[in-house]
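The numbers here are math on the coordinates, done by the rules we state, and not lab data. Quick caveat: nothing in here was measured; it's all calculated off a predicted structure. Methodologically, a virtual Cβ is constructed for each residue, glycine included, from the backbone with ideal geometry; neighbour enumeration extends over all protein chains shown.
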Amino acid sequence: MNKRPALNVMVADDSATSRTYVRKNLMVAEIVVKDFVEAANGQLALELLREQPIDVLFVDIHMPVMNGIELIRQLEIEGIKPRVKIVVISSDHTLKRQDELKDLGVTRYVKKPFTPEQFSKLIDEMFCGG
Amino acid sequence: MQPKVQEVLSDTFSSILREFAYILTERVPDQELGSAPGEMVDVRMTFRGPLQGEFRLLVSPDACREVAANFLGFDEEDDFVNAHLEDGAKELINIVGGNVLGNFDNGSEPYVIGIPSARRFDPGEWEAIRGSREKVVLRGDERLFILFLSISGRPEA
């Protein structure tokens, strides 16, 4: 397995607690983060993603203004999606929702609440060929 | 509420509190509920899909603080925890509600889950809450966690 690269990470979630929980899990999983960017809804995330190089986007589905599904669709339209690994983090884990996310080309799906071990595994799978 | 639904609610809620906030809980029967507790955070979250209705969570600020601190690995006196008590309660209802709904209909159909809203609890509602059959009450570390699930039926076509 390749060495883990340092990553630019964005988390789009309307809950400050949830955004902090993502940051804590990355830290405990010993994932090296170059830049950690937070957005409280999909619209703010989109504006930041147009400007900043982000390696991995952790995104919630249910957010005000622009939800996670709308954000992913917009990233596709604007040609941003191919350069960002998208990890959906949500408590909504119905099978149809997971199928919908697969159809949208989402890289990974993690059910809330999650653990550092899950983060460690998915980062290795996405960036280290593990 | 059907006993099976109540069991799903109770099992899901207690499991999340145990595994992610390190709080061991026990079910509290209605007859053990005394007079209205002090200050409580009152959080609600609607949902619609194969079923529609609302989750409601009542927790004391101390319970919010403990859950958020344990969840995040922070001290209970941490500034972030104390500045985001309601946000922590909203995240808790979001996680519990999403997981409960995922256990209905074998998790086959998606739900549209609303954005949680919070307000201060009105103690005048306590008698109605005590008598409500749409709730489960858990006690952990001598704090009450009251979770309601109101199902208003299947949505209009």
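Miscellaneous remarks
- Partner shielding of B:111-123 amounts to 2, given as the average count of beta-carbon atoms from other chains within 10 Å of each residue beta-carbon.
- Among B:Gly38, B:Gly98, B:Gly88: highest mean-square fluctuation, GNM of chain B, C-alpha pairs under 10 Å: B:Gly38
- Within 10 Å of the Cβ of each residue in B:88-101, the mean number of Cβ atoms contributed by other protein chains is 5.
- For region B:43-157, the dipole from Cβ point charges (+1 on Lys and Arg, -1 on Asp and Glu) about the Cα centre works out to 640 debye, to the nearest 20.
- Pairs spanning more than 19 Å between alpha-carbon atoms, out of A:Lys112/B:Lys135; A:Lys24/A:Lys112; A:Lys24/A:Lys111: A:Lys112/B:Lys135.
- Within region A:5-120, percent of DSSP bridges classed antiparallel, to nearest 5: 0
- Considering only A:Gln98, B:Val81, B:Ser117, the residue lying farthest towards the positive end of the dipole of the protein assembly as shown is A:Gln98, judged by Cα position with unit charges set on Cβ.
- Relative exposure of B:Asp79, A:Asp60, judged by other C-beta atoms within 10 Å (fewest first): B:Asp79, A:Asp60
- Residue among A:Val88, A:Val106, A:Val65 with the largest mean-square fluctuation in a Gaussian network model of chain A, springs linking Cα atoms under 10 Å: A:Val65
- For region B:92-102, 3J(HN,Hα) per residue [Karplus equation, 6.51 cos²θ - 1.76 cosθ + 1.60, θ = phi - 60°, Hz, x = Gly/Pro]: 5, 5, 5, 5, 5, x, x, 5, 5, 4, x
- Across peptide A:95-106, the mean count of Cβ atoms from other chains lying within 10 Å of each residue's own Cβ comes to 2.
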